[in-house]
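Just below is one structure, and these are the notes that go with it.
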Amino acid sequence: MMECKTYIRAHADDLLKDLTTLIRIPSVEGEPTPDAPFGSEVARCLHETLALCDRLGFRTVNMDNRVGWCEYGEGDEMIAVLGHLDVVPAGDGWQAAEPFSGEIKNGRIYGRGTMDDKGPTVAALYALAALKDAGFVPSRRIRILFGTNEETGCQDMVWYLEHGGEVPVMGFTPDGEYPIINGEKGIMNCTYARKLNQTGAYRLTRFEGGTASNVSPAYAVAELACPAEAAGKIALDKVTVTAIDGGIRVEAEGVSAHGSTPEQGENAIGRLALALTMLPLEGDLADCMAFLADRIGMETRGESLGIAMRDDLSGDLTVNLGVAAFADDTLSLTLSVRYPVTKTYDEAHPRMERAFSLGGFHETKMKHKAAIYMPPESELIRKLSKVYEEQTGDKAVLKSIGGGTYAKSIPNLVAFGPIFPGDEIREHKPDEYMETERLLQNAEILAAAMYELAK
Ligand SMILES: [Zn+2]
């Protein structure tokens, strides 16, 4: 639809103005209130967005201030475009512009959310306005969903699904990257715990490391009540031992990496366990540290745990031991385990539970997000590939990733845009920006995609 391009170019100033209005609302998750479950600024941003939809002539729904949408066209089936209006905090280091300014200069619009994800969301809205203006009569309804809790747990879409929100027949989220992410590994974020009945001359009094399941820890520390000569028994690279009152402190260094690519890091908790097994530990403590050192250690593919699996599309299952904590004589381990895109929870989870139960651990927490895999021959992938190739002239190379995108939050979606191959990564960083040209290009691609999927 050539008219769409004309409309988008002719309304570029309006698009930028509306985006600036939204960027100026610092929609970081805040204190919940009855009318604003994710904080007042988040709710305000949703209200502002729905008002914009009204002005553009779309019917709108606000579902309990958690998620809203606008819709166009008629038909039994619905295709969805899922964006989000919440943002991560500004953080430090902004130099080019103020984080909540929406300042436009040097062909860029700056601000938290310009790329992730208010920019693409407003682009989608103008794409739909362009289709409407062109008189497009779709045979499937087109719904643009405005999520408000993507950055801090995706409870918006949990609410949507649990409260009768319609499931789209297909759709996409412009909250990933181009060309198309058609595979995402399944994610199990889980905690396993074991109570230690400590006996012998070596007693663990402290064991901790890491901050989140999805980050490979760069530091871990243990303290033991033990004989003074223990200090001499540990000799391991990147491990330091210091004498403390009544015992020793052992500190291990690692290399931080994202939990979806733990092989790029070095796990400080695993290294700490390896160091502690050099001590003449006894009983439960000996048992537990041996399990941790031998079954996990520095491994990231779950080989010794016996949970390794792989497929050609997405490679190996990965294990990231993100957090260790020790309290009330109980050691707890929090992990992010990601299994290949063509595998299932029923294949991966029982093996993991068995592995940990052999080490005396039981599962205390499990948050699962199923893998996504949309085959290249599916209608969704065929059509999005065609659109991408026509619009950019580049090949639509399909990609599987270990990370989870917003596409996981409701069925039948994949991530499509907004960032192009080779472009600078800037979401969640200082000086987040979107080139105004890229913004318009996104609107054009999204219009073509909605047209293909809904016609
Ligand atoms: Zn996002």
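The values are calculated or read from the model by the stated rules, or taken from the named source; none is laboratory data. Since the structure is predicted, the reported quantities are computational estimates derived from the model, not experimental observations. Quick reminder, even Gly has a Cβ in these numbers, built from the backbone with ideal geometry, and neighbours come from all protein chains shown. Surface accessibility is based on the protein's heavy atoms, side chains included, excluding ligands, DNA and RNA. Shrake-Rupley method; radii C 1.70, N 1.55, O 1.52, S 1.80 Å.
Summary of computed values
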quantity: Lone qualifier among ALA275, ALA293 - being assigned to a helix (DSSP H, G or I), in contact (Cβ under 8 Å) with a residue 24 or more places away in the chain and out of contact with any Gly (no Cβ under 7 Å at 6 or more places or on another chain); calculated: ALA275
quantity: Pairs with Cβ under 8 Å, 6+ apart, first in the stretch 395-420 and closer than 17 Å to HIS368 by Cβ and assigned by TED's automatic domain parsing to the domain that holds ALA449, second within 13 Å of the ligand (Cβ to nearest atom) and among the hydroxyl-bearing types (Ser, Thr, Tyr); calculated: THR405/THR173; TYR406/THR173; ALA407/THR173
quantity: Filtered residues of the stretch 311-337 (kept if more than 28 Å from LEU196 (Cα to Cα) and either under 21 Å from the mean Cα position of the chain (by Cα) or surrounded by 21 or more Cβ atoms within 10 Å (Cβ to Cβ) (or both)); calculated: LEU313, SER314, GLY315, ASP316, LEU317
quantity: Tabulated pairs, the stretch 165-182, first in contact (Cβ under 8 Å) with a residue 40 or more places away in the chain and open to solvent by 10 Å² or more (accessible area, probe 1.4 Å), second within 16 Å of the ligand (Cβ to nearest atom) and polar (S, T, N, Q), C-beta under 7 angstrom, 6+ apart or interchain; calculated: ASP175/THR405; GLY176/THR405
quantity: Wholly enclosed strands (runs of 3 or more DSSP E) of the stretch 1-92 bearing at least 3 residues free of Cβ contacts under 8 Å to residues at least 40 places away in the same chain; calculated: 59-63
quantity: Selection count where residues are open to solvent by less than 40 Å² (accessible area, probe 1.4 Å) and not hydrophobic (A, V, I, L, M, F, W, C), scope the stretch 405-422; calculated: 6
quantity: Residue check for MET366: within 18 Å of THR114 (Cβ to Cβ) and either more than 16 Å from the ligand (Cβ to nearest atom) or touching a strand residue (DSSP E or B) at 6+ places or on another chain (Cβ under 7 Å) (or both); calculated: no
quantity: Failed criterion for TYR192 (all others in (1) assigned to a loop (DSSP other than H, G, I, E, B); (2) more than 16 Å from the ligand (Cβ to nearest atom); (3) open to solvent by less than 10 Å² (accessible area, probe 1.4 Å) hold); calculated: (1)
quantity: Residue match in the stretch 174-181 (condition: within 22 Å of the chain's Cα centre (by Cα), away from the ligand (no atom under 16 Å from the Cβ) and either assigned by TED's automatic domain parsing to the domain that holds ASP284 or not hydroxyl-bearing (Ser, Thr, Tyr) (or both)); calculated: yes
quantity: Any hit, the stretch 51-65, residues being within 15 Å of the ligand (Cβ to nearest atom) and modelled with pLDDT of 95 or more; calculated: no
quantity: Qualifying position, being farther than 29 Å from THR334 by Cβ and at pLDDT below 95, among GLU377, GLU452, GLU424, GLU435; calculated: GLU424
quantity: Subset of the stretch 21-39 [surrounded by fewer than 19 Cβ atoms within 10 Å (Cβ to Cβ) and among the polar types (S, T, N, Q)]; calculated: THR21, THR33
quantity: From MET366, MET374, residue being surrounded by 14 or more Cβ atoms within 10 Å (Cβ to Cβ) and under 18 Å from the mean Cα position of the chain (by Cα); calculated: MET366
quantity: Condition met for ARG112 (among the charged types (D, E, K, R), at pLDDT 95 or above and open to solvent by less than 10 Å² (accessible area, probe 1.4 Å)); calculated: yes
quantity: Pick from the stretch 394-404, criterion modelled with pLDDT under 95 and open to solvent by less than 20 Å² (accessible area, probe 1.4 Å), ranking: farthest from the ligand (Cβ to nearest atom); calculated: GLY402
quantity: Residue list for the stretch 40-63, restricted to those being over 26 Å from the mean Cα position of the chain (by Cα) and either open to solvent by less than 20 Å² (accessible area, probe 1.4 Å) or among the small types (Gly, Ala, Ser) (or both); calculated: ALA51, LEU52, CYS53, GLY57, PHE58
quantity: Those residues of the stretch 142-162 which are open to solvent by 30 Å² or more (accessible area, probe 1.4 Å) and in contact (Cβ under 8 Å) with a residue 40 or more places away in the chain, in sequence order; calculated: GLU150, GLU151, THR152, GLN155, VAL158, TRP159, LEU161
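Each row is one residue, and each column tells you yes or no for (1) at pLDDT 95 or above; (2) within 16 Å of the ligand (Cβ to nearest atom); (3) of a type in the set (Ser, Thr, Tyr).
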{"site": "GLU71", "(1), (2), (3)": "yes, no, no"}
{"site": "GLY93", "(1), (2), (3)": "no, no, no"}
{"site": "ALA130", "(1), (2), (3)": "yes, no, no"}
{"site": "PHE146", "(1), (2), (3)": "yes, yes, no"}
{"site": "ASN149", "(1), (2), (3)": "yes, yes, no"}
{"site": "GLU166", "(1), (2), (3)": "yes, no, no"}
